[in-house]
Amino acid sequence: MSSYWRKVDSKCVVCRSAVGKIVIKSGKIVVEEYFDNWGCWKKVPQQSEMQVLCRVCQKQTGKQQRKHRQNNLAQE
Ligand SMILES: [Zn+2]
């Protein structure tokens, strides 16, 4: 797959908070500004599309995954 991006979202995929100013120029993702609540990139599988997570939702996602693993361990 080429690195020609078709779409990028500058709002958190979970809560829709704006996390920065992100644009596509000639197929490349250009970040003009990261906001304070910037979290991480979240690539859309099999698509030339990029989504983002804010800091809060990134932490919550990580917590849920850790919790899930701990529950699994407790049941064993
Ligand atoms: Zn969010």
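Bear in mind that the values in this text are calculations on the coordinates, not laboratory data. Everything numeric in this text was worked out from a predicted model, so none of it was measured. Backbone-built Cβ (ideal geometry, glycine too); neighbour counts: all protein chains shown.
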(request) Name the single residue, out of those in segment 1-54 being among the aliphatic types (A, V, I, L, M) and touching a Leu at 6+ places or on another chain (Cβ under 7 Å), that is surrounded by the most Cβ atoms within 10 Å (Cβ to Cβ). (result) V14
(request) Report the residue count in segment 21-32 for those that are touching a residue at least 12 places away in the same chain (Cβ under 8 Å) and on the phi > 0 side of the Ramachandran plot. (result) 1
(message) Being within 16 Å of the ligand (Cβ to nearest atom), part of a loop (DSSP other than H, G, I, E, B), out of contact with any Lys or Arg (no Cβ under 7 Å at 6 or more places or on another chain) and of a type in the set (D, E) is the requirement here; does D36 meet it?
(response) yes
